[in-house]
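Asker: Here it is, the structure in full.
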Amino acid sequence: MTAVGFLYPGYSAEDDYERIEQLFASDVRLPVVHTDIGEDAHRVDALIRMGEADRLAAGVEELRLAGAEAVVWACTSGSFVYGWEGAQEQIRNLARAAGMPASSTSFAFAHALQHLGVSRVAIAATYPEDVAAYFAGFLKSAGVEVTATRGSGIITAAEVGTWGRDEVLELALAGDHPSAEVVLLPDTALHTAAYLPELEQVLGKPVLTANQVSVWEGLRLTERKVWAEKLGKLFARPE
């Protein structure tokens, strides 16, 4: 059995992890521990506090008891607001506290893009425009060309968690750009696991979403390969 642990801020779309685990239909387990988010706000100062080392460290013992072999900070905005170097330090601190390999959703996006061999992306974000711009800057530090960035102005994760299929499709379509090779939906508070095949069919290109890439990143850390066609191009079996 392979177990990947996730530190998830608050309660919004954490059931995506259970759905993904079920889609694998294998011996992969994806335990989730909820971290204290403090203030639920897509605002830079609140997001920096959300990702502080002590908040993350508080959840690692529970993940160790669950048998986790690697841990992912399943929060994009609570990592990329630190910038590339700051986000790396955040993960180093988490790995030391957990005593296991660690990463975050922000780095998961960067590594997934490398895996797919693509470098031109469009960002379709739920965040306010200024927060979405931080994500674009983070990706540029990874050598990614951001062709378009769209923010939706949503302040709280709680509101994002209420979005369903129609809102997710609308967001992706609005954020796409003709020159983008892939569309990114970066918020882990957004339910996307159930919509990945339809998203890729409608857009005609790969779509990477926060909870999807978080799981992929955790499996990468454990060197476990799992294929699941219903989770999009990222989890497609190599041809």
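The values are calculated or read from the model by the stated rules, or taken from the named source; none is laboratory data. Because the structure is predicted, anything quoted here is derived from the model rather than measured. Neighbour counts are summed over all protein chains in view; Cβ atoms, including those assigned to glycine, are modelled from backbone coordinates with ideal geometry.
Asker: May I ask you to list the residues in segment 1-46 that are in contact with a strand residue (DSSP E or B) (Cβ under 6 Å, 6 or more places away or on another chain) and among the aromatic types (Phe, Trp, Tyr)?
Answerer: Phe6, Tyr8, Tyr17
Asker: Specify which of the listed residues (Glu229, Glu200) is surrounded by fewer than 21 Cβ atoms within 10 Å (Cβ to Cβ) and at pLDDT 95 or above.
Answerer: Going through Glu229, Glu200 in turn, just one is surrounded by fewer than 21 Cβ atoms within 10 Å (Cβ to Cβ) and at pLDDT 95 or above: Glu200.
Asker: Let me ask something else. Only one of these conditions is not met by Leu113: (1) in contact (Cβ under 8 Å) with a residue 60 or more places away in the chain; (2) of a type outside the set (Asp, Glu); (3) closer than 25 Å to Asp27 by Cα; (4) in contact with a strand residue (DSSP E or B) (Cβ under 9 Å, 6 or more places away or on another chain). Which number is it?
Answerer: (3)
Asker: Additional query: Answer yes or no: is there a residue in segment 34-48 that is of a type in the set (Gly, Ala, Ser) and buried (at least 22 other Cβ atoms within 10 Å of the Cβ).
Answerer: no
Asker: Just give me the residues in segment 85-122 being out of contact with any Asp or Glu (no Cβ under 9 Å at 6 or more places or on another chain), in a helix (DSSP H, G or I) and surrounded by fewer than 18 Cβ atoms within 10 Å (Cβ to Cβ), in sequence order.
Answerer: Matches in segment 85-122: Glu85, Gly86, Gln88, Glu89, Arg92, Asn93, Ala95, Arg96, Gln114, His115.
Asker: While we're looking at this one, here's another question. Consider Val72 carefully, then state whether it is among the hydrophobic types (A, V, I, L, M, F, W, C), in contact (Cβ under 8 Å) with a residue 40 or more places away in the chain and outside any helix (DSSP H, G or I).
Answerer: yes
Asker: For segment 34-49, name all the residues that are touching a residue at least 12 places away in the same chain (Cβ under 8 Å) and in a helix (DSSP H, G or I).
Answerer: Val44, Leu47, Ile48
Asker: Output yes when any residue across segment 184-206 is under 21 Å from Trp84 (Cα atoms) and among the basic types (Lys, Arg), and no when none is.
Answerer: no
Asker: Take the residues in segment 203-226 that are surrounded by fewer than 23 Cβ atoms within 10 Å (Cβ to Cβ) and of a type in the set (Val, Ile, Thr); name whichever of them is farthest from Ser79 (Cα to Cα).
Answerer: Val226
Asker: From Ala132, Ala125, Ala157, grab the single residue that is at pLDDT below 95 and surrounded by 15 or more Cβ atoms within 10 Å (Cβ to Cβ).
Answerer: The conditions single out Ala157.
Asker: Under 6 Å between Cβ atoms, which residue pairs at least 6 apart in sequence (or on different chains) link something in segment 1-29 that is touching a residue at least 40 places away in the same chain (Cβ under 8 Å) with a partner that is in a helix (DSSP H, G or I) and surrounded by fewer than 18 Cβ atoms within 10 Å (Cβ to Cβ)?
Answerer: Thr2/Thr222; Leu23/Lys230
Asker: Determine which single condition Gly67 fails, assuming it passes every other condition in (1) touching a Pro at 6+ places or on another chain (Cβ under 9 Å); (2) within 28 Å of Gly164 (Cβ to Cβ); (3) assigned to a loop (DSSP other than H, G, I, E, B).
Answerer: Condition not satisfied by Gly67: (2).
Asker: Could you check how many residues of segment 1-31 are surrounded by fewer than 23 Cβ atoms within 10 Å (Cβ to Cβ) and in a strand (DSSP E or B)?
Answerer: 4
Asker: Could you grab the pairs with beta carbons closer than 9 Å, sequence gap of 6+ or different chains, first residue in segment 78-98 and at positive phi and modelled with pLDDT of 95 or more, second one surrounded by fewer than 18 Cβ atoms within 10 Å (Cβ to Cβ) and in a helix (DSSP H, G or I)?
Answerer: Gly83/Gly137; Gly83/Ser141
Asker: Answer yes if at least one residue in segment 112-121 is more than 22 Å from Thr192 (Cα to Cα) and at pLDDT 95 or above, and no otherwise.
Answerer: Yes, segment 112-121 contains at least one residue that is more than 22 Å from Thr192 (Cα to Cα) and at pLDDT 95 or above.
Asker: Please specify each residue of segment 50-64 satisfying the condition of being without any contact (Cβ under 8 Å) to a residue 24 or more places away in the chain and outside any loop (DSSP other than H, G, I, E, B).
Answerer: Of everything in segment 50-64, those that are without any contact (Cβ under 8 Å) to a residue 24 or more places away in the chain and outside any loop (DSSP other than H, G, I, E, B) turn out to be Asp54, Arg55, Glu61.
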